[in-house]
Amino acid sequence: MTDVPVARTVSPDARPRLPRGVRLVHNEAQGGWVLLAPERVFKADPIAAEIVKRCTGEASVDAIVDDLAATFNAPRERILADVTAMLAGLADKKLLEL
Amino acid sequence: MDAATHGSAPRPLGLLAELTHRCPLACPYCSNPLALEGRTDELDTATWARVFREAAGLGVLQVHLSGGEPAARRDLVEITQAAHDASLYTNLITSAVGVTDKLLGGLSDAGLDHVQISIQDSEAESADHIAGYKGAFKRKQALAAQVTALKIPLTVNAVMHRANIDRIGEMVDLALALGATRVEIAHAQYYGWALKNRGALMPTAEQVARSTVAVEALRAKYHGAIVIDAVVPDYHARYPKACVGGWGRRSLNVTPSGKVLPCHAAETLPGLEFWNVREHSLADIWDNAPSFMAFRGTDWMQEPCRSCARREVDFGGCRCQAFALTGDARATDPVCHLSPHHAHVGELAGVQEDAPYTYRR
């Protein structure tokens, strides 16, 4: 039952931010970017780190997608799908506020 | 994103800092050793600050400020500040008793990242009976309100056993009502004090089966609202837990007097030599202390672990449990159904005794 995904809509106007108690840090000994959360540590791949870095509470999802599409010269629709899926997953784990 | 793992050269992620063994509560499943360390042997503030700096240098990301009750130390704010200044993620593991509004405010200003409060039951009278402290339940609720008012994330830790396992649903509801974003359903683990109280704590097989179904239903019901972390209780499992994520692989534990242990129960094993932060750096201990070398990796294993496909999944289970139940610290954790001693675990899981608790004092 836990695997049943609950549809969480991510509005393009939402301004995602990390809540208190969740931090993205770079750590050489652990081999790169990690997301620190209550009693949990998640390894962030470079793409995930680029997305989370932009979740400052100021930029909208739309603006984040535009920025990533321009920075990495990638199709906007694909970036939008990736970003939306990742933000929804993080919010479900209480690692992000939307 | 996946939970972080390591290759051939493990670096620890977490440090459990047992700041003191003093505690106002007397829970009969306390993870502290039977021989509690006294106040006069405790490390001072400056030594803890050095340990935190050395831990960060070693790769540690999170420090769990624990005890005993950490608030029994008058320098808790300075200790927390030192951990924060060393760039560590700081987690306070507390009974709530002794954490005043003023203290919590100071901890928050010092950069505290997260608070975990233990709650003994969803019913006040039973909770206070288990904790051996009248009024504890009420104090925990008050602290939870103060934590969430400061927007510090809150985890409720619920240790489950025969007296409260039928109220898992009520415990999760309570955690949600208190504003927790995470709840740990932590079944009592039978070391130290809990081993002394095993017959009084052991749930029945029927209770365990019902609780497993209940947890799945709660996860579906509260998906996205609260994270529920739960595992099958040891004695009722088919495979052993990957104790501390593998010996000397992901975490270390510093006792109030500065001894560094691979896990909090490691002192129950015979013949291990523990080094102290008063005499050695943390990196030296992690890399070279005989206690950390003893069961690191897979070379120490015997059959059936040695040739098992899961040897790097669960690392043979728990060394302390293997020793406690078989008399051999290198044996397969007998929780594993492949262990020749597994039937004995099943027998022990069937022993329920309605004896009064032997409280931790």
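Restricting attention to the stretch B:170-213, the residues being farther than 14 Å from B:Ala237 by Cα, part of a helix (DSSP H, G or I) and out of contact with any strand residue (DSSP E or B) (no Cβ under 6 Å at 6 or more places or on another chain) number 16.
I'd like the full set of residues that are under 22 Å from B:Cys27 (Cβ atoms) and either of a type in the set (Asp, Glu) or more than 14 Å from every other protein chain (Cβ to nearest Cβ) (or both), limited to the stretch B:200-231. Answer for the stretch B:200-231, where residues must be under 22 Å from B:Cys27 (Cβ atoms) and either of a type in the set (Asp, Glu) or more than 14 Å from every other protein chain (Cβ to nearest Cβ) (or both): B:Ala200, B:Leu201, B:Met202, B:Pro203, B:Thr204, B:Gln207, B:Val208, B:Ser211, B:Asp229.
Scanning for something surrounded by 14 or more Cβ atoms within 10 Å (Cβ to Cβ) and assigned to a strand (DSSP E or B), does the stretch A:64-85 turn up at least one residue? Looking through the stretch A:64-85, none of the residues is surrounded by 14 or more Cβ atoms within 10 Å (Cβ to Cβ) and assigned to a strand (DSSP E or B). All conditions but one from (1) free of Cβ contacts under 8 Å to residues at least 60 places away in the same chain; (2) of a type in the set (Ser, Thr, Tyr); (3) more than 30 Å from B:Arg11 (Cβ to Cβ) apply to A:Thr84; the one that does not is (1).
Reported count of residues in the stretch B:74-120, each being open to solvent by 10 Å² or more (accessible area, probe 1.4 Å) and in a helix (DSSP H, G or I), is 13. Scanning the stretch B:328-339 turns up no residue that is outside any loop (DSSP other than H, G, I, E, B), modelled with pLDDT of 95 or more and either open to solvent by 30 Å² or more (accessible area, probe 1.4 Å) or touching a Leu at 6+ places or on another chain (Cβ under 9 Å) (or both). Within the stretch B:274-291, being over 15 Å from B:Arg11 (Cα atoms) and among the aromatic types (Phe, Trp, Tyr) holds for B:Phe274, B:Trp275. Of the residues in the stretch A:30-45, at least one is free of Cβ contacts under 8 Å to residues at least 60 places away in the same chain, among the basic types (Lys, Arg), in contact with a Lys or Arg (Cβ under 9 Å, 6 or more places away or on another chain) and within 14 Å of chain B (Cβ to nearest Cβ). Annotation: of all residues in the stretch B:32-53 being within 15 Å of B:Lys259 (Cβ to Cβ) and acidic (Asp, Glu), the one that is surrounded by the most Cβ atoms within 10 Å (Cβ to Cβ) is B:Glu42. Inside the stretch A:20-59, residues that are open to solvent by 40 Å² or more (accessible area, probe 1.4 Å), assigned to a loop (DSSP other than H, G, I, E, B) and in contact with a Leu (Cβ under 9 Å, 6 or more places away or on another chain) make up a count of 3.
With the structure loaded, tell me whether B:Gly135 is in contact with a helix residue (DSSP H, G or I) (Cβ under 6 Å, 6 or more places away or on another chain) and surrounded by fewer than 20 Cβ atoms within 10 Å (Cβ to Cβ) or whether it fails that test. No, not satisfied. None of B:Lys259, B:Lys241 is charged (D, E, K, R), modelled with pLDDT under 95 and within 18 Å of the chain's Cα centre (by Cα) except B:Lys241.
The values are calculated or read from the model by the stated rules, or taken from the named source; none is laboratory data. Here the structure is a predicted model, which is why all the values come from computation and not from measurement. Cβ sites come from the backbone with ideal geometry, for glycine too, and all protein chains shown count toward neighbours. Accessible surface is based on the protein model in full, side chains and every heavy atom, while ligands, DNA and RNA are left aside. Shrake-Rupley method; radii C 1.70, N 1.55, O 1.52, S 1.80 Å.
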